[in-house]
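Notes follow once the structure below has been shown.
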Amino acid sequence: MINSFKANKIHIGIFGKRNSGKSTLMNVMLGQDFSIVSNVSGTTTDVNQKAMELLPIGSVIFMDTAGFDDVDELGLQRVEKTFKALNRVDVGIFVCDYEPITEVEEDFLKTLSDRKIPILAIVNKEDEGTLDEKSLEVIKKYSKEVINLSLLSDKDARDKIKQGLIKILPDEVIAPNDALNWLVEENDNIILVIPIDKEAPKDRIILPQVQIIRNILDKNCTCMVCKEDKLERVLNNLKEKPKMVITDSQAFKSVSRIVPDDISLTSFSILFARLKGDFQTFLEGTDKIDKLNENDNILVCESCTHHPIGDDIGRVKIPNLVQKYTGKTLNFEFYSGYDFPDNIKNYALIIHCGACMTNRREMLTRIMKAKAANIPVTNYGMVISKCLGILDRAVKMF
Ligand SMILES: Nc1nc2c(ncn2[C@@H]2O[C@H](COP(=O)(O)OP(=O)(O)OP(=O)(O)O)[C@@H](O)[C@H]2O)c(=O)[nH]1
Ligand code: SF4
Ligand SMILES: [Mg+2]
């Protein structure tokens, strides 16, 4: 399953004139000495690429390239390779320093822009000098975002670049709308379990469930929908084993008893953790529940002011579940709305809602704020599964 993710990695090309700091940037992002860095102009002679999991954005491939201003015969061949790399990139990081922008640099920016490749411009070596206003204007003309920094001395360089990427990545790259990607194949049967209790909205089913049904149909799979008390009957009546069962988190415990171990089982909110946030970050954040201390402060955060399936999941059910699971008394604070609180440093954990009313870019910005403050963050679905002791099963298929 994991291998099939490769084709879908976000390709990030690093471009710039020789010695601007491209390889340094690559190493900063990778957190390791991968590309050779030196003050000799033209050190990188080929396209060096490396895949990584760039939390919270997802799977990416960074591509370090040779400077596009190389001039001798061999240099021109290198430049050709750099230009060829443009065919593979989803987004370009343009690296320059404080020296005035040259014609070659402007031409390259124009090429990226003509090809509709979003540009994040990094004006590097801030420790040594500042770029003139005229050059800055040229860069701004072509770039979606410009960041001044020093890759060598700025400790936050990596986070600043990640934030820049979150801002400029195209919607379809940063927020795929297919929650079932890589999980099902054509003709698979999928069962959805939707409890209709007093909290369910009248005469309709909620947006995340509708979206999953649409995803199932788009994949030419078959979708069966039932309440939890009918699940056993549906399973018994099926001639073919279903590929997966997806349940509302609140029914997870009873559903997990009914669904045999050889059938994948997960919840709507865990599927949405991939679409609206970052699965890995949330999974790591969930670990914090085991390390909570008495009286720790926990922020329960909802992206909108109204929850369509009753207002007590965040305020009552999650706090009760976490306290019962940990056996500790914890202080829960609640926040709902389109903004995110500025001061989060006093929280031991942030538990976020499924974020169905917001987009992934917004969620990633929140995750980055939490990461910058070193606060673990997770979501409702993962917390519920964890506290019910079924998280391992719910995430097994990913
Ligand atoms: N002062 C200063 N020097 C930097 C900074 N970032 C990179 N350098 C230095 O600039 C030089 C070139 O860095 P590289 O990362 O090799 O640059 P490059 O763009 O990959 O160069 P080529 O591969 O030759 O095209 C090295 O000596 C780096 O240490 C910075 O923020 N400040
Ligand atoms: S955005 Fe959050 S709080 Fe609002 S309906 Fe969706 S899951 Fe509930
Ligand atoms: Mg280099």
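Each value in this text was obtained by applying a stated rule to the coordinates, not by laboratory testing. Note that this is a predicted model, so its numbers are computed, not measured. FYI the Cβ positions are ideal-geometry reconstructions off the backbone, even for glycines, and counts take in every protein chain you see.
Values for this structure:
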read-out: Top of D262, D156, D171 by mean-square fluctuation, Gaussian network on the chain, Cα under 10 Å; value: D262
read-out: Rounded to whole Hz, the Karplus (6.51, -1.76, 1.60) HN-Hα couplings of the stretch 100-115, x for glycine and proline; value: x, 4, 8, 4, 4, 5, 5, 4, 5, 4, 5, 4, 4, 5, 4, 7
read-out: The chain: angle of helix 157-168 to the longest principal axis, Cα-based, in degrees nearest 10; value: 70
read-out: Amide H within-cut-off set for M224, under 5 Å, with H built and near neighbours excluded; value: I190, I191, L192
read-out: Candidates D127, D339, D203, ranked by Gaussian network fluctuation over the chain, Cα under 10 Å, top entry; value: D203
read-out: Cα-based helix-to-principal-axis angle, 133-142 vs the chain, degrees rounded to 10; value: 50
read-out: Gyration tensor (alpha-carbon) shape descriptor, the stretch 278-392, a/c threshold 1.5; value: rounded
read-out: The chain, relative contact order in percent, only Cα pairs under 8 angstrom and at least six apart counted; value: 14
read-out: Cα gyration tensor, the stretch 92-168 - rounded (a/c under 1.5), prolate or oblate; value: oblate
read-out: Candidate aspartates and glutamates for bridging to K324, where Cα separation is under 15 Å - those fewer than 8 sequence places away on the same chain excluded; value: D290, E294, D296
read-out: Net +/- balance of residues flanking V234 in space, Cβ distance below 13 Å, scoring K and R +1, D and E -1; value: +1
read-out: Cross-link pairs K276/K328; K134/K369; K9/K110; K110/K369; K110/K276; K84/K110 - those with Cα-Cα distance over 22 Å; value: K276/K328; K134/K369; K9/K110; K110/K369; K110/K276
read-out: Relative packing of 284-290, 347-353, which averages over residues the other C-beta atoms within 10 Å, highest first; value: 347-353, 284-290
